[in-house]
Amino acid sequence: MQSKIKGVYLVTDRPLCLHHTLEEVVRLSATGGVSLVQLREKETSSREFLELAIHLKHILTPFQIPLLINDRVDICLASGADGVHLGQTDLPWFEARKLLGEKAIIGLSIETKEDWENLQKEHPNPNLDYLAVSPVFDTKTKTNTKPAWGLAGVRWLRENTTLPIVAIGGIHLDNAKEVIEAGANSLAVVSAICSANDPKEATIALKNMF
């Protein structure tokens, strides 16, 4: 599944969907060629989270675009989503792998070099589909992050892993190219698509950076 980890990766944020509904943003990004969609819901109930996941899965299936669930392995299982994105305080990735199976896409956020070193110490060849460098640049969409990695941090991780790298945090058209050149296989964006007047065109513009 690692081959799917490339191009534009949409991370949803309903409050940032300024001009369209969440569902319409996802549909338009799909028509624009997004590679992955992650449903991120921090404030909603489990039941509403599940209903949204099922709905987005229905939208994305005809496009053959994987739907990932942020944090919640239970929502992934219940909705039939394609995998999960996990942070450092979520269910351990290897436990998620046991529950979801080998075909699931599982990505892990790496927020510090210490996170990477600990992963290497415990699992030298982790059964993960990607590592997310988080955040590359300072961003307002996530306020509880560690200091930004910067381009040098992306290059450092690229030199230290063969896994696909997803870059997230403060990425937009003006800096996308240099993040790719630093070694990112995929760019995860939130407001660059969610807040766009035309999410399809925003997706195409980012995709053209590759």
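The values are calculated or read from the model by the stated rules, or taken from the named source; none is laboratory data. In this text, all values refer to a predicted model and were calculated from it rather than measured experimentally. Every residue, glycine among them, receives a Cβ derived from its backbone with ideal geometry; neighbour counts consider all protein chains shown.
Can you name every residue in region 3-48 that is among the basic types (K, R) and under 22 Å from L86 (Cα atoms)? Spell out the reasoning first.
Restricting attention to region 3-48, the residues satisfying the condition of being among the basic types (K, R) are 4, 6, 14, 27, 40, 42, 47.
Result: K4, K6, R14, R40, K42, R47.
Table: residues versus (1) within 18 Å of L206 (Cα to Cα); (2) not charged (D, E, K, R).
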residue	(1), (2)
V8	yes, yes
L18	no, yes
S29	yes, yes
L36	yes, yes
E41	no, no
S46	no, yes
E51	no, no
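With respect to D115, determine if the residue is among the acidic types (D, E) and not in a helix (DSSP H, G or I). Can you show your working first?
Numbers: among the acidic types (D, E): yes; not in a helix (DSSP H, G or I): no.
Criteria not met by D115.
Matching residues to (1) out of contact with any helix residue (DSSP H, G or I) (no Cβ under 6 Å at 6 or more places or on another chain); (2) part of a loop (DSSP other than H, G, I, E, B); (3) polar (S, T, N, Q); (4) surrounded by 16 or more Cβ atoms within 10 Å (Cβ to Cβ):
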position: L99; (1), (2), (3), (4): no, no, no, no
position: L108; (1), (2), (3), (4): no, no, no, yes
position: Q120; (1), (2), (3), (4): yes, no, yes, no
position: P135; (1), (2), (3), (4): yes, yes, no, yes
position: T139; (1), (2), (3), (4): yes, yes, yes, yes
position: E159; (1), (2), (3), (4): yes, no, no, no
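Looking for something within 21 Å of A184 (Cα to Cα), at pLDDT 95 or above and either touching a helix residue (DSSP H, G or I) at 6+ places or on another chain (Cβ under 9 Å) or not aromatic (F, W, Y) (or both) - is there at least one such residue anywhere in region 43-61?
Here is the first cut: in region 43-61, the ones within 21 Å of A184 (Cα to Cα) are none.
No, region 43-61 contains no residue that is within 21 Å of A184 (Cα to Cα), at pLDDT 95 or above and either touching a helix residue (DSSP H, G or I) at 6+ places or on another chain (Cβ under 9 Å) or not aromatic (F, W, Y) (or both).
Residue check, A205 against (1) within 12 Å of Y9 (Cβ to Cβ); (2) small (G, A, S); (3) in contact (Cβ under 8 Å) with a residue 24 or more places away in the chain; (4) assigned to a helix (DSSP H, G or I), all met but one. Which one?
Every condition holds for A205 apart from (1).
For region 62-82, how many residues meet the condition of being at positive phi and touching a helix residue (DSSP H, G or I) at 6+ places or on another chain (Cβ under 8 Å)? Reasoning before the result, please.
If we filter region 62-82 for residues that are at positive phi, which is where we start, we get 64, 71, 80.
Next cut, touching a helix residue (DSSP H, G or I) at 6+ places or on another chain (Cβ under 8 Å) only: 80.
Total satisfying the criteria: 1.
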